[in-house]
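The values are calculated or read from the model by the stated rules, or taken from the named source; none is laboratory data. As the structure is a computational prediction, the values presented were derived from the model and not from experiment. Ideal geometry is used to build each Cβ from the backbone, glycine not excepted, and the neighbour counts take in all protein chains shown.
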Amino acid sequence: MIGFEIEQKHVITGEQASENGRLKLWSLFTMFQDIAGDHSTLLGFSADKMAADGYFWAVTNYRNEISRLPEEGEEVLLRTCVGRPAHAIFPRYFRLFGKDGELLASCASRWALVDIKKRTAAVGAPGFEVFNGQKNPWELREAGPVKPEETSRSFSFDLPSEYIDRNGHMNNARYFEMAEDMLGSDIKGLAPCFAAMEYRTELLPGTPMKVSIGSADLEKLGAGAHKAFYLFGETEEAQIFRMKLGYR
């Protein structure tokens, strides 16, 4: 029987790396979602099976601290484990290690089991007891809501087709690509060290989104950041996300 934790070895490719030769922030979150999907499959709930049963996984929160991002060609070890679920929310944790055992990043996340037709949390769906692990086994600081801060500028964002995943909405990792593209020169020469994300509502194709940006409170952010940003996305109908990014 597959346990509550799995690990995978990876070598960082040129496609995953940015111009500075290090893993892109959004590529890191893609690695998180991919190993989470692989683990779910091993536990008997592949994306195809879940879709056939009328469900999918949707991440609701991330809290990620980064010591450093690995370089192109570097071998890394990625681990994930599940926590103890409550209602339709399933905690999941990630740790990324260098070849010598150096802890590169640690991330706590929360995932919701979603009913495909209703687009709401599926409470009490049968069979998902296999995801009932220990409460925060790696003792990471839990992911949670992102508190709003003031913003000073905004951008309009139209969802590109390549950002849409099999669930018909904007892929969770692509929000970080969008954010860093918008920050542009503000983060040139800086390395990400912190990311907190709250997905409030899914962004669907054909729905323009306004993204507002401001400076985040460095003292409250911590994580060794020298510069921090708060991003807030909304459409005419709903709030889509809140994000905080820290750089050093």
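Figures for the structure shown
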| item | result |
| --- | --- |
| Residues (of a type in the set (Asp, Glu) and either modelled with pLDDT of 95 or more or surrounded by 21 or more Cβ atoms within 10 Å (Cβ to Cβ) (or both)) located in segment 188-237 | GLU198, GLU202, GLU234, GLU236, GLU237 |
| Candidate set: segment 106-124, residues that are in contact (Cβ under 8 Å) with a residue 60 or more places away in the chain and in contact with a helix residue (DSSP H, G or I) (Cβ under 8 Å, 6 or more places away or on another chain); chosen: the one farthest from CYS81 (Cα to Cα) | ILE116 |
| Filter result (more than 12 Å from the chain's Cα centre (by Cα) and among the hydroxyl-bearing types (Ser, Thr, Tyr)) within segment 160-188 | SER161, TYR163, SER185 |
| Set THR80, THR41: member being touching a Lys or Arg at 6+ places or on another chain (Cβ under 9 Å), surrounded by fewer than 20 Cβ atoms within 10 Å (Cβ to Cβ) and of a type outside the set (D, E, K, R) | THR41 |
| Residue match in segment 14-29 (condition: under 17 Å from ASN167 (Cβ atoms), of a type in the set (Ser, Thr, Tyr) and outside the structural domain of LEU204 (by TED's automatic domain parsing)) | no |
| Identity of the residue in segment 75-116, charged (D, E, K, R) and more than 14 Å from LEU140 (Cα to Cα), that ends up modelled with the lowest pLDDT | LYS99 |
| Residues of segment 139-173 satisfying the condition of being within 12 Å of LEU231 (Cβ to Cβ) and among the hydrophobic types (A, V, I, L, M, F, W, C) | VAL146, PHE155, PHE157 |
